[in-house]
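Trainee: What follows is a structure written as structure tokens; I'll ask about it next.
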Amino acid sequence: MTIAAAAPRDYLVRPWAGTWVRDLALIGGAVALTALLAQVSIPVPGSPVPVTGQTLAVVLVGATMGLRRGVAAMGAYVLLGGLGLPIYSDGAGGVAVVVGPTGGYLLGFILAAAVMGHLAERGWDRTPLRTLALGLTGQVLVFAVGVPWLALVAGFGPAEAIAAGFTPFIVGGLVKGAIAGMLVPAAWRVVRRGQRPAEQG
């Protein structure tokens, strides 16, 4: 029994998906990866939002797991952290984080996973340049939710919110996009090599 109907197009982890056990393992692994990278956290002076590895995890999940499983993974991450598990940055957890200044970024993870998963199923994750564009798109979507949320919760004006919640993260976003641009197409090459003998046989 599958978690949902099969995706209309291919995505990287599809050969390992397809049953409840496999899907839950993939989703659990994605949650664990996001929680692990969330602990890579660097404070930003003057901003309640730290630089973390979370968005790299979101990019990798969105680019490899397809729409449904990517959304399930990021939704599970936000839900479990909101229930109190210490899986957000700096070991934080609880509803106060979700409704606090960084909560919009967490909700943006779900949107980013949905859009990236949809595009990945349609081939945006096959080449370095397209995967870079895919990763940057996902991160822009995270900020598109996170920055207005930050402005609302912290009482910042638009310019102040952009300065505190977007500008310090531009370089890191480019680096994370570049990492995804190298890793995901390389993983596709490995998967294709592994599939050839079965296809020929």
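The values are calculated or read from the model by the stated rules, or taken from the named source; none is laboratory data. Since the structure is predicted, the reported quantities are computational estimates derived from the model, not experimental observations. Because the Cβ atoms are built from the backbone with ideal geometry, glycine has one as well, and the counts that use them run over all protein chains shown. Note: areas computed on protein heavy atoms with side chains; ligands, DNA, RNA excluded. Shrake-Rupley method; radii C 1.70, N 1.55, O 1.52, S 1.80 Å.
Trainee: What number of residues within segment 15-26 are touching a residue at least 24 places away in the same chain (Cβ under 8 Å) and touching a Lys or Arg at 6+ places or on another chain (Cβ under 9 Å)?
Mentor: Within segment 15-26, the first condition is being touching a residue at least 24 places away in the same chain (Cβ under 8 Å), and the residues that meet it are 15, 17, 23, 26.
The next check asks that each one be touching a Lys or Arg at 6+ places or on another chain (Cβ under 9 Å); those that pass are 17, 23, 26.
Result for segment 15-26: 3.
Trainee: Regarding residue 110, is this residue open to solvent by 60 Å² or more (accessible area, probe 1.4 Å) and free of Cβ contacts under 8 Å to residues at least 40 places away in the same chain?
Mentor: no
Trainee: Considering segment 91-147 alone, what residues qualify as being in a loop (DSSP other than H, G, I, E, B) and within 22 Å of residue 165 (Cα to Cα)?
Mentor: Pass one, segment 91-147, residues in a loop (DSSP other than H, G, I, E, B): 92-94, 99-102, 121-127.
Answer for segment 91-147, where residues must be in a loop (DSSP other than H, G, I, E, B) and within 22 Å of residue 165 (Cα to Cα): 92, 93, 94, 99, 100, 101, 102.
Trainee: Then there is this: Out of 101, 128, 168, report the one residue that is out of contact with any helix residue (DSSP H, G or I) (no Cβ under 8 Å at 6 or more places or on another chain), open to solvent by 30 Å² or more (accessible area, probe 1.4 Å) and in contact (Cβ under 8 Å) with a residue 24 or more places away in the chain. Talk me through it step by step, then tell me what you get.
Mentor: Details: 101 fails: out of contact with any helix residue (DSSP H, G or I) (no Cβ under 8 Å at 6 or more places or on another chain); 128 fails: out of contact with any helix residue (DSSP H, G or I) (no Cβ under 8 Å at 6 or more places or on another chain).
Step by step, each of 101, 128, 168 is checked, and only 168 is out of contact with any helix residue (DSSP H, G or I) (no Cβ under 8 Å at 6 or more places or on another chain), open to solvent by 30 Å² or more (accessible area, probe 1.4 Å) and in contact (Cβ under 8 Å) with a residue 24 or more places away in the chain.
Trainee: Read through the list (1) buried (at least 24 other Cβ atoms within 10 Å of the Cβ); (2) of a type in the set (Gly, Ala, Ser); (3) touching a strand residue (DSSP E or B) at 6+ places or on another chain (Cβ under 7 Å), then give the number of the only condition that residue 66 fails.
Mentor: The single condition residue 66 does not satisfy is (3).
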